[in-house]
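What follows is a set of notes on a single structure, which appears directly below.
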Amino acid sequence: MSQTQVNSICPFCGVGCGIALVASDNNITAVQPLSKHPISQGKLCAKGWNTPFGINHHDRLTQPLMKVDGEFRVVSWKHALSHIAENLKQFICESGPQSVGLISSARATNEDNYAAQKFARAVLKTNNIDHCARICHSPTVAGLKKTLGSGAMTNSIDDVGKADVILVIGADPTENHAIIGGKIMKAKLRGAKLIVVDPRQTRLAKVADLHLQLNIGTNIALLNGLLNIIFAHGWQNDEFIARRCEGADALKAHVADYTVEKVSVITGVDGADLVKAAKLYSQANAAFLAYGMGITQFVSGTNNVIAVSNLALICGQIGREGTGINPLRGQNNVQGACDMGCLPNVYPDYQSANDEQVRSKFSRAWQTEVARLPGLTSLGMSHQARHGNFRGLLIFGEDPVVTDPDRNKVAQGLRAMDLLVVIELSMTETAKMADIVLPAASFAEKRGTFTNCERRVQLIHKAVSPPGEAKIDWQILSELAKEMGFPELMNWQTSEQVFDEMCKLTDSFSGMSYPRLKQNNGLQWPCNNEYPDGSRCLHSTTFPIGKGKLIPVYHVLTDEVPDAEYPYWFTTMRLHFHYGCGSMTRQSPLLERETPIGLLFIHPQDALDLGLKNHQGVTVSSRRGCVETRIEFSNQVSPGLLSMPYHFKEAPSNFLTNDAMDPITEMPELKVCAVNIIPLPENQPPRSSVLSDAGSRVSQ
Ligand SMILES: Nc1nc2c(c(=O)[nH]1)N[C@H]1C(S)=C(S)[C@@H](COP(=O)(O)OP(=O)(O)OC[C@H]3O[C@@H](n4cnc5c(=O)[nH]c(N)nc54)[C@H](O)[C@@H]3O)O[C@H]1N2
Ligand SMILES: Nc1nc2c(c(=O)[nH]1)N[C@H]1C(S)=C(S)[C@@H](COP(=O)(O)OP(=O)(O)OC[C@H]3O[C@@H](n4cnc5c(=O)[nH]c(N)nc54)[C@H](O)[C@@H]3O)O[C@H]1N2
Ligand code: SF4
Ligand SMILES: [Mo]
């Protein structure tokens, strides 16, 4: 049996570790870490090692399926694509291009995502294109665009090792960006000071020099408080402020109101610890600031990001090695899906969709009219569907029924559509609700590029052929474009041709090509005439908007707070061993045995007060829905706070979560709502919420 080996990139998180895929007999038989990879240097986390299970399983979709009388039947590609095309054309003709849209995948390649936004804008003539960044780092893209002019991680992962202070706010990197988490641990052992700001006692928090265990949803109060302390002690970087920033006086006056005493009451953090943190961060030679979902997933998400940016700018902790504002982008290619323009308001490389010049540039290059009206976000499309104004949606590589907030509302929106097409690796909960399901090739079955969280564009290579009739996402869209009457528009033969087209239409990628990516182990954008070898560190002399903007922001309450009916704070988070909706990691018996299905973490004191035994079943309810699950005693949460991972379709925490939104980005408040818990009889197992194939909830 012949064995082959190709280099690729781990398909899970945004760290972008290097892997070799070993294949024989058209099966991935092993994964090997790459010792020369610039980031992972021979290391992988448990998910990376388990990659083959995620794609080699019996539940892979292999043929197009169409629902007839509530049951899926196998159909030919020709039949499926012409059915989709006919329907989309009819909706556009009857209800306009605003009635159709596309949700692309931060798990798929840049080439797939470039094709997706081109399909939306040039074929469907709509800007209704979005993806999971909406509910992930959209506040980062919007917030940092305002303050710096660019919404990406400013520095490189390696800079963790060059910092003398590391400040982690609302992120849990040992679980979620494990190789970065390891680098933080290593830096700490070397002597760097570590500050963690998190309402839960995460693994990093346990070893940190300072853990500011703030009350959930009080980031702005805390950050403004730190700024007040910094100004009061004269710890700000006056030289940097004078040279590089605008608005310092107004910010100083604004934060004067956030006294240590007041901030201590709002956040529950000891005043002396606030002063220690302010001193450590501001006085560091190089302070690396990383943040995650504990900043973005709030109705105040964009303002939270602005507060983070204010802190870094005032202290001059940006534009040098070992410093920076570093949003830990989540999915393996979420940076890329944003860069490729899979957002309603921007074309590739963040060229504004509202700008007539940008539209004519793309219209000329693509030789067709492009969308004119502003587009809807993913939750906007679902909202319009519930109101009868949205008819046809294509989703590839997302499982919103499990991962979007307020599951009942999401399902209502999807049911209200006339046509739902899901392009997937396996029959997810969302796919079960679709009219048509198309089988997609996984990362191991195609060539292309992923962009990791440090803006590094890296090549992946084909190790095996797609199972059955499965096809690459960009090829599916290209064939659908032909069916829709655009035979030449997306008529690429290779993924390299897609990449080259994209590079020609952007500045940040204009110096990239597949051969150059291969030679360099990937390149970090911007990579153009000015920076032919890419950019490790952004903003070293100036910001894209000139001076950095300091913008005063106010502490606000979260949309829901506990009351007599729903007396507990409820938050959702991730577990190291599972990923997103679980459709890939839960195929691994090794990962699956690590954690029981569905868990609600509760402080032992709360459990005692309720008379609950460890692992007893409970019903958790919020104003929007309820789920049954098991409790697990944990000191990670404080009394009054419950936390739950969102990976388990049997106990989907998103039945409970709140879709109240950040007004700037429509980011829902996934990190907090109010719930109640009622014990199930001691020996009664929780009921599962898995959908039947017809898409309705069944108890098992
Ligand atoms: N194992 C695993 N890894 C993953 C993923 C996965 O599903 N599984 N998903 C990937 C994706 S898509 C993403 S976006 C990243 C996300 O990675 P993270 O940003 O680390 O994600 P979370 O665990 O959701 O939340 C981070 C932290 O925010 C804290 N938090 C909650 N409320 C607040 C608050 O008010 N203030 C502060 N300061 N903190 C708060 C939580 O307690 C939690 O520790 O992970 C990526 N990596
Ligand atoms: N309660 C709660 N909910 C959350 C969050 C939270 O913190 N709390 N976090 C949110 C965040 S940050 C995110 S990013 C979202 C993630 O939400 P999703 O994007 O829905 O989650 P994933 O599990 O990554 O789903 C990706 C799907 O893509 C498929 N896939 C993988 N590769 C390919 C490919 O090449 N082509 C195609 N067509 N399909 C592919 C996989 O099979 C999988 O089913 O969840 C959000 N939901
Ligand atoms: S840290 Fe992320 S990219 Fe690296 S192996 Fe783990 S999941 Fe994959
Ligand atoms: Mo994410």
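The values are calculated or read from the model by the stated rules, or taken from the named source; none is laboratory data. On a predicted model such as this, the values are computed, not experimentally measured, just so you know. Methodologically, a virtual Cβ is constructed for each residue, glycine included, from the backbone with ideal geometry; neighbour enumeration extends over all protein chains shown. Heavy atoms of the whole protein, side chains included, go into the accessibility calculation; ligands, DNA and RNA do not. Shrake-Rupley method; radii C 1.70, N 1.55, O 1.52, S 1.80 Å.
Filtering segment 30-67 down to residues that are free of Cβ contacts under 8 Å to residues at least 24 places away in the same chain and open to solvent by less than 50 Å² (accessible area, probe 1.4 Å), which residue is farthest from ligand 3 (Cβ to nearest atom)? Taking the candidates together, the pick is A30. Of the residues making up segment 517-555, those that are open to solvent by less than 70 Å² (accessible area, probe 1.4 Å) and closer than 30 Å to N654 by Cβ are V553, H555. Listed here are the strands (runs of 3 or more DSSP E) enclosed by segment 611-682 that have at least 2 residues being in contact with a Gly (Cβ under 7 Å, 6 or more places away or on another chain) and crowded, with 18+ Cβ neighbours inside 10 Å: 626-633.
Give the residues of segment 123-133 that are more than 8 Å from the chain's Cα centre (by Cα) and either within 15 Å of ligand 1 (Cβ to nearest atom) or not in a helix (DSSP H, G or I) (or both), sorted by residue number. Correct list: K125, T126, N127, N128, I129, D130, H131.
Candidates D172, D164: the one that is in contact (Cβ under 8 Å) with a residue 60 or more places away in the chain, within 16 Å of ligand 2 (Cβ to nearest atom) and assigned by TED's automatic domain parsing to the domain that holds L311 is D172.
Inspection of segment 540-553 identifies at least one residue that is touching a strand residue (DSSP E or B) at 6+ places or on another chain (Cβ under 6 Å), assigned to a strand (DSSP E or B) and basic (K, R).
Per the listing F91, F72, F119, F53, the residue uniquely of a type in the set (A, V, I, L, M, F, W, C) and at pLDDT below 95 is F53. Is it the case, given these coordinates, that N228 is open to solvent by 10 Å² or more (accessible area, probe 1.4 Å), in contact (Cβ under 8 Å) with a residue 12 or more places away in the chain and in a helix (DSSP H, G or I)? Yes. Would you mind stating whether N110 is under 22 Å from the mean Cα position of the chain (by Cα) and away from ligand 1 (no atom under 16 Å from the Cβ)? It is true that N110 is under 22 Å from the mean Cα position of the chain (by Cα) and away from ligand 1 (no atom under 16 Å from the Cβ). Please find, within segment 74-107, the residue that is farthest from ligand 3 (Cβ to nearest atom) out of those that are buried (at least 16 other Cβ atoms within 10 Å of the Cβ) and of a type in the set (S, T, N, Q). Checking each candidate, the answer is S95. Of all residues in segment 155-170, those satisfying the criterion of being open to solvent by less than 20 Å² (accessible area, probe 1.4 Å) and more than 22 Å from I664 (Cα to Cα) are N155, S156, I157, D159, V160, A163, V165, I166, L167, V168. Quick check on V165: is it β-branched (V, I, T) and more than 21 Å from the chain's Cα centre (by Cα)? The answer is yes for V165. Condition first: within 29 Å of H177 (Cα to Cα) and in contact with a Gly (Cβ under 9 Å, 6 or more places away or on another chain). Now tell me which residues in segment 560-570 satisfy that. Residues satisfying the conditions are Y568, W569. Only a single item in (1) closer than 21 Å to R456 by Cα; (2) open to solvent by 40 Å² or more (accessible area, probe 1.4 Å) is not met by Q3, and it is number (1).
Inside segment 568-589, residues that are of a type outside the set (S, T, N, Q), crowded, with 21+ Cβ neighbours inside 10 Å, under 26 Å from P639 (Cβ atoms) and within 8 Å of ligand 1 (Cβ to nearest atom) make up a count of 1. Counting the residues of segment 178-215 that are over 27 Å from V672 (Cβ atoms), surrounded by 20 or more Cβ atoms within 10 Å (Cβ to Cβ) and within 14 Å of ligand 1 (Cβ to nearest atom) gives 1. If you go through segment 506-539 and pick out every residue that is of a type in the set (S, T, N, Q) and either assigned to a helix (DSSP H, G or I) or without any contact (Cβ under 8 Å) to a residue 60 or more places away in the chain (or both), you end up with 6. Residues considered: L189, L214, L194, L204. Of these, the only one that is within 26 Å of C17 (Cβ to Cβ), outside any helix (DSSP H, G or I) and modelled with pLDDT of 95 or more is L194. Quick check on this structure: which one of G16, G42 is within 16 Å of ligand 1 (Cβ to nearest atom) and at pLDDT 95 or above? Selected residue: G16, the only one of G16, G42 that is within 16 Å of ligand 1 (Cβ to nearest atom) and at pLDDT 95 or above. Within segment 231-268, being in a loop (DSSP other than H, G, I, E, B) and acidic (D, E) holds for one residue alone: D257. Within segment 558-606, how many residues turn out to be among the hydroxyl-bearing types (S, T, Y) and touching a Phe, Trp or Tyr at 6+ places or on another chain (Cβ under 7 Å)? Residues meeting the conditions: 6.
Restricted to helices (runs of 4 or more DSSP H) entirely inside segment 269-369, those with at least 3 residues that are out of contact with any Lys or Arg (no Cβ under 7 Å at 6 or more places or on another chain) and either at pLDDT 95 or above or buried (at least 24 other Cβ atoms within 10 Å of the Cβ) (or both) are 271-283, 301-314, 334-339, 356-366.
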